[in-house]
Amino acid sequence: MSELSFPPAGAARSSDQPRLLRVLAGEALERPPVWFMRQAGRSLPEYRALRTKAADFIAFCYNPEMAAEATLQPMRRFPLDAAIVFADILLIPRALGQEVWFAAGEGPRLGALPPLEQLADQIEASTGRLASIGETLQRVRDELESDRALIGFAGGPWTVATYMIEGRGSDRSGARAYAYANPEALDRLLEILVDATARYLVMQARSGAQVLKLFESWSEGLAEDVFQRIVVEPHRAIIAQVRAAGVDTPFIGFPRGAGALVESYAAQVPVQAVALDTQASAVMGQRIQAGGQAIQGALDNHLLLLGGAALPRRVDALLEQWRSGPYIFNLGHGVMPDTPIAHIAQVIEQVTGKKAANTSPTAP
């Protein structure tokens, strides 16, 4: 559990702070803050229209005007409590010199993994190559209302390493084999990613991000000792480096798929909140809250897509089981591309009591 206290002395009164920051400071609110992973894009027609104006996805991410607009689009439609900057976890390997591109309909592709010391030589330069993300954050913060928080993020080192090793999204079997067969090489790659990620997150915080999130999307299936080595220790190292740089921005950690190891993560990694995936039990979340951390999650994104009577029942159940402690309402994974806008608006209204500004499925 973190010993830090947010917000810092001299800040506005707690009741004037964005709800997300209040919960990350340990408050249990009758109405929790709500935001959705992957809320910026894909399911919104205005995002799809904007996306056509960029040459490719990487160019879109690096265009501060477009990326800021994508970040703000869901904030205009829905009474969300936080925006998350539009970017991608694979910008770091690209900034380190590995070729990265997105194949239409197939997802990310990466070129051959460069020599590790060649990557290490690019750590300092990588932060400058990501400066446009800082500009995006500045643009969003300038336009976003003061009672709505702005989240920056990065991929967890192990998750990013799986793409760098395998060259694409997969079942991670190749990366897990690499972890056993080449432990020293993997440790060195993770060290490089820790350093580059910490620098990147410091830059994001200094550019206006009020919360930082680590997405360890591929935490599932790891033995306890491996999980400790390639997830827990790198996350601890990133946060230590960010704190050493004088940045006290609160962290959310998301070890997706880690199952029973989530509680070990919560006990060891000094994050202010632990994001829980769909499988997380009510009791697990309550134990983490009792330990002094907030929790986030864990509505099934497939249920959000489907809708129907089961959706509001599940929302009520999540609110009931976790609202007595510090809780952030969110999904257990990201919004799926075909999710009806009306379903998103329905859930947000159920949590906040506020209607969306626009629920049209075809127009912004």
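Please list the non-local residues whose amide H lies under 5 Å from the amide H of Val100, H modeled 1.01 Å from N, same-chain partners needing a gap of 5 or more.
Under 5 Å from the amide H of Val100 lie the amide H atoms of Gly111, each far enough along the sequence or on another chain.
Sticking with the crude label model, points 7 Å out along Cα→Cβ, report the distance from Val283 to Leu319 in nm, one decimal please.
The modelled label-to-label distance comes out at 2.6 nm.
Work out how far the C-alpha atoms of the stretch 37-113 reach from end to end along every principal axis, then list the three figures in whole Å, largest first.
Computed over the Cα atoms, the extents are 43, 23, 21 Å.
Using modelled amide H (1.01 Å from N, peptide plane; none on Pro or chain starts), what sits under 5 Å from the amide H of Arg168, excluding residues fewer than 5 places away?
Leu110
For Ala260 and Glu143, what does the FRET efficiency come to when R0 = 30 Å and r is the distance between their Cβ atoms, rounded to the nearest 0.05?
FRET efficiency, Ala260 to Glu143: 0.10.
Determine the percent antiparallel among the DSSP beta bridges restricted to the chain, to the nearest 5.
Approximately 15 percent, going by the DSSP bridge assignments.
If you take Rg and Dmax of the Cα atoms in Å from the coordinates, which of [x] 19.3, 55; [y] 20.8, 68; [z] 19.5, 59 do you get?
[x]
Report the relative contact order of the chain, percent, no decimals, based on alpha-carbon pairs under 8 angstrom and at least 6 residues apart.
23
Listing Thr71, Thr352 from the residue with the fewest other Cβ atoms within 10 Å to the one with the most, what is the order?
With the fewest neighbours first, Thr71, Thr352 line up as Thr352, Thr71.
Report the label-to-label distance for Glu224 and Tyr180 in nanometres (one decimal), using points 7 Å from each Cα along the Cα→Cβ vector.
1.9
Search the structure for amide H atoms under 5 Å from the amide H of Asn330, placed 1.01 Å from N in the peptide plane, and list their residues when 5 or more places away or on another chain.
Gly297, Ala298, Leu299
Per DSSP H run of n ≥ 4, the term is -39500 (n - 2.57); total these for the chain, divide by its residue number, and report the mean residue ellipticity at 222 nm rounded to 500 deg cm²/dmol.
Helix-only estimate at 222 nm: -13000 deg cm²/dmol.
How do the peptides 325-333, 92-100 rank, highest first, by the average count of neighbouring beta carbon atoms within 10 Å per residue?
Ranked from most to least packed, the peptides come out as 325-333, 92-100.
Values quoted throughout were computed directly from the atomic coordinates according to the rules given, and no laboratory measurement underlies them. Please read these numbers as outputs of a predicted model, since none were measured by experiment. Virtual Cβ from ideal backbone geometry, glycine too; neighbours counted across all protein chains shown.
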